[in-house]
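Below is one structure, written out as structure tokens; comments come after it.
The values are calculated or read from the model by the stated rules, or taken from the named source; none is laboratory data. Since we're looking at a predicted model, the values are computed, not measured. Here the Cβ positions follow ideal geometry from the backbone for every residue, glycine too, while neighbour counts run over all protein chains shown.
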Amino acid sequence: MPRACVYARVSTPEQCLENQLYDLREMAARRGHEIVHEYTDIGSGSKARRAGLDALLADAHRRKFDIVLVAAFDRVARSVKHFLSIIDELHDFGIEFVSARENIDTSGAMGRMFIVMISSIAELENSLLVERIKSGLRRAKLDSVRLGRQPFHVDREAIVRDRLSGSSLTATAKKYGVSRASVVRFVHEARRNYAPVEQYQPVPAGVPLQLSA
């Protein structure tokens, strides 16, 4: 019975590796392969170094399996160049590569030809997506659209007044949705800018406290 390994990767911890692994186990059973190891990674496909993939290639060098099963081409490599280097490395060790989604393996010349074609198309699609995003950002900049998170505004005057009027550090921070460290910093800034610490008195309600930005 041919010895096979499976490789699965998801981009974020929120995604489920088990879905890919289940399908690959089913495929191995249909093809009559014995799974001797399962390799997994969690992380972006743009990362060149991945522990699971590195371990797979190291075991390939030791001839621990004859076939590599994956869910799709884009689960394996970060680019066409990277993908083909992996295929070449496996080929040098006499190991076949099989992708479930594309239903292609590298046991023949046609399989390798399809790998090159499909990988090139996938890279082209990714490049077009990146270019569309960049184009949208340029258009937004020309239209004066603000990008990123909106600035966070807090009422420093009220925070300092509450704290100096006897409100606890935790209660003040919770009331205004800021960290305890921010409350401490706002109070220190008020004292430093407007009065010596030993002369600073609680601010009566209704009296405005002017603070620097």
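Structure notes:
- Answer residue from region 67-105, given it is among the β-branched types (Val, Ile, Thr) and closer than 23 Å to Asn126 by Cα and is modelled with the lowest pLDDT among those: Val80
- Test: Arg78 is closer than 24 Å to Asp41 by Cα and in contact (Cβ under 8 Å) with a residue 24 or more places away in the chain: yes
- Any hit, region 60-68, residues being under 21 Å from Ser119 (Cα atoms), assigned by TED's automatic domain parsing to the domain that holds Ile118 and part of a strand (DSSP E or B): yes
- Single residue of region 35-54 satisfying the filter (modelled with pLDDT of 95 or more and of a type outside the set (Val, Ile, Thr)) that is surrounded by the most Cβ atoms within 10 Å (Cβ to Cβ): Tyr39
- Residue in region 120-139 that is surrounded by 11 or more Cβ atoms within 10 Å (Cβ to Cβ) and basic (Lys, Arg) present: no
- Out of Val130, Val116, one residue alone is within 30 Å of Gly32 (Cα to Cα), at pLDDT 75 or above and assigned to a helix (DSSP H, G or I). It is Val116.
- Matching residues, region 16-30, being touching a residue at least 24 places away in the same chain (Cβ under 8 Å) and either of a type outside the set (A, V, I, L, M) or closer than 20 Å to Leu90 by Cβ (or both): Gln20, Asp23, Leu24, Met27, Ala28
- Verdict on Leu56 being aliphatic (A, V, I, L, M) and more than 21 Å from Leu21 (Cα to Cα): no
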